[in-house]
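**Q** Quick one: structure below, then a few questions.
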Amino acid sequence: MSDPSVQQQQARPAVPVLHEERLDEVLGAAPERGRGRYRPHRVGMVWRSKVFRAGAVIVALVLCGLVILALVREQTGPEGFLVGLGLAVLPVPLLMAAFRWLDRVEPGPWRNLLFSFAWGAFAAALVAIIANSFATRWIATATADPASADTLGATVIAPVVEESAKAAAVLLIFLFRRREFSGVVDGVVVAGFTATGFAFTENILYLGNAFGEDQLSGSSGFASVTAGTFFVRIVMSPFAHPLFTVLTGLGFGFAAVSARRHRARRIALPLLGLLLAMGLHALWNGSSSFGPYGFYAVYGIVMVPAFGLVTWLAIWSRQRELRTLAAELPAYAAAGWLTPAEPSALSSMRARGMARDLARHWQPDRTRGRAAARAVAEYESFATSLAGLRRRARHGAVGPDFGARERELLHHLWQRREVAAPALTHAALLTARPGAHHGRPLPPPYGTGNGYANGYGYGYGTGYGPGHTPGYGQTHGHTPGYGHTQGPPPGYAPGAYPPPQPYGGAPHSHRRPPS
């Protein structure tokens with residue numbers, strides 16, 4: 001009797017290879033279920049343990065947080081600290097939601113984003129407040145001119161110290177979470193979360209000090225220093241610090257997609273982004289020294305256009321990720337890993353959301369519905385990572401572990417395809433151009449029959465049977481979802497991109513959904 005695991009292994013299609021690269025020796029079928037990790041088990045020193053390293057990072061950030069909050073409370077007083085905290089927290093959810101929206105195509109893990117925010121709010125803020133205070137006092141002592149020392153500290157020292165401290169978070173994730181830092185959008189999001197945390201702590205300090213001044217002078221209402229500080233920092237320029245640091249993130253993002261052979265470019269781009277961030281920060285801090293209208297001139301002429309340009313670039317990069325899905329995933333659909341309609345669905349945010357809703361609502365109870373929607377969301381994320389990985393491989397921006405990483409992603413897709421593939425296929429049909437189905441009703445993505453095929457060429461059943469790959473063609477009594485055809489023809493070897501005609505002859509009435 002044959003081993004079922006061997007049958008399952010043979011049932012999986014071969015992996016398509018890039019026609020520009022000779023990667024046949026490292027590419028192969030996905031591993032068995034339950035063997036999706038390809039990282040070697042490290043033994044030996046305690047600091048190689050993930051738990052130890054994560055605990056050390058958390059403890060360090062907590063200590064930095066306690067110290068910086070104590071310093072801010074000492075400068076602002078208890079009442080000023082509470083007022084500053086309550087006002088400074090207002091823009092944080094909006095900024096985090098905006099950056100998370102940019103990251104919807106390939107969402108990064110929350111642990112990276114929370115680390116970035118905590119680094120900016122605690123570690124970078126602590127370094128900035130100590131270094132800026134020390135440098136300003138040293139300049140004032142050396143020049144015997146406290147006024148010029150404050151101006152020099154704000155326009156020269158502060159931009160260099162603060163942007164370097166914030167850039168350290170982006171660098172750490174770029175180096176130690178390389179798989180999760182794959183492009184321009186990742187750089188923008190990580191830098192944005194770091195700068196949001198830094199601005200949060202800085203706003204507590206500024207607003208708390210402003211409240212203390214109002215308490216001493218008896219000012220209140222719209223004429224108070226607190227109201228003016230709130231208007232400038234929270235209403236007019238909540239994006240100031242994120243804008244500065246996003247320039248650094250863009251440099252790291254472009255370095256991530258650069259070919260590995262361009263070592264000088266991969267080093268120069270982050271440094272260029274950091275220098276631009278420092279320059280724009282210095283211009284912003286020094287705008288008050290340009291006259292009574294200097295602040296408004298810099299705000300209108302430099303800051304707003306720069307914010308618009310960076311926003312456009314971030315959204316363009318997000319759309320580019322969707323175009324990458326449409327360009328790279330058809331190779332996997334042709335090899336049998338995906339249904340023909342899935343690349344179209346995965347490259348549309350509307351279809352992706354609709355697939356999650358279908359998976360949720362077509363389950364018998366709420367618990368299974370949430371689990372199904374989560375499986376579809378994970379499937380979409382893995383498919384996006386797979387497309388991005390293949391694109392970077394095409395441009396020579398991947399390392400020697402490309403084959404293992406590709407097989408790992410395909411393994412994760414294979415585990416979730418029973419739930420995700422029918423939902424995405426149905427979503428692709430629902431979001432197709434009007435009239436593509438001639439007004440005929442579509443079947444549900446999850447049927448209860450045993451492979452019943454309706455008159456429109458779509459079959460649906462209960463599960464994926466061994467030895468079959470999803471596709472639009474003849475249906476069989478023991479296979480699920482939208483009609484299945486047999487796997488790649490005997491003797492098929494994936495060497496061309498995309499493989500020609502990977503499916504057997506389908507009936508003439510067969511209709512593919514529009515790509």
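The values are calculated or read from the model by the stated rules, or taken from the named source; none is laboratory data. All values derive from a computational prediction rather than experimental measurement. Methodologically, a virtual Cβ is constructed for each residue, glycine included, from the backbone with ideal geometry; neighbour enumeration extends over all protein chains shown. Heads up: the accessible areas ignore ligands, DNA and RNA and are worked out on the full protein's heavy atoms, side chains in. Shrake-Rupley method; radii C 1.70, N 1.55, O 1.52, S 1.80 Å.
**Q** Please give the solvent-accessible surface of GLU213 in Å², to the nearest 10, using a probe radius of 1.4 Å with every protein chain present.
**A** Rounded to the nearest 10, that gives 100 Å².
**Q** Right, next: Can you work out ³J(HN,Hα) from phi for every residue in the range 251-266, in order, using Karplus 6.51 cos²θ - 1.76 cosθ + 1.60 and θ = phi - 60°, giving whole Hz and x for Gly and Pro?
**A** Whole-Hz 3J(HN,Hα) from phi for the range 251-266: x, 5, x, 5, 5, 5, 9, 7, 4, 5, 6, 8, 5, 5, 5, 5.
**Q** Which parts of the range 389-418 would a label at ARG263 reach, counting a residue when its backbone N lies under 17 Å from a point 7 Å out along Cα-to-Cβ?
**A** 397-400
**Q** Also, I was wondering about something else. Give the shape of the range 238-331 as rounded, prolate or oblate, defined through the alpha-carbon gyration tensor: a ≥ b ≥ c are the square roots of its eigenvalues, a/c under 1.5 means rounded, and otherwise the shape is prolate if a/b is larger than b/c and oblate if not.
**A** The shape class here is oblate.
**Q** Would you mind getting the accessible area per residue of the range 375-434, heavy atoms of the protein chains only, 1.4 Å probe, in Å²?
**A** That works out to 29 Å² for each residue.
**Q** Another one. Using a 1.4 angstrom probe, figure out how much accessible area the range 192-334 has per residue, in square angstrom, rounded to the nearest whole.
**A** 45
**Q** Ignoring ligands, DNA and RNA, what accessible area per residue does the range 54-108 give at 1.4 Å, in Å²?
**A** Using a 1.4 Å probe on heavy atoms only, each residue of the range 54-108 averages 54 Å².
**Q** Along the Cα→Cβ direction, 7 angstrom out, place labels at TRP101 and GLN319. What is the inter-label distance in nm?
**A** Label-label distance for TRP101 and GLN319, simple model: 1.6 nm.
**Q** How large, in percent, is the carbon and sulfur part of the accessible surface of the range 194-271 at a probe radius of 1.4 Å?
**A** Ligands and nucleic acids excluded, carbon and sulfur reach 64 percent.
**Q** Order the following by accessible area, largest value first: VAL376, VAL89, VAL310. Probe radius 1.4 Å; ligands, DNA and RNA are ignored.
**A** Largest to smallest exposure gives the sequence VAL89, VAL310, VAL376.
**Q** Taking all protein chains as present, what is the carbon and sulfur share of the accessible area of the range 153-192, in % to the nearest whole number, probe 1.4 Å?
**A** The C+S portion of the solvent-accessible surface of the range 153-192 is 74 percent.
**Q** Using a ≥ b ≥ c from the Cα gyration tensor of the range 126-242 (square roots of the eigenvalues), is it rounded, prolate or oblate, where a/c under 1.5 gives rounded and otherwise the larger of a/b and b/c decides, a/b for prolate?
**A** Because a/c hits 1.5 or more and a/b fails to exceed b/c, the range 126-242 counts as oblate.
**Q** Please give the length that would be gained between ALA70 and ALA147 if that part of the chain were fully extended, namely 0.36 nm times their separation in residues minus their C-alpha to C-alpha distance (nm, one decimal).
**A** The ALA70-ALA147 span can extend by a further 25.0 nm.
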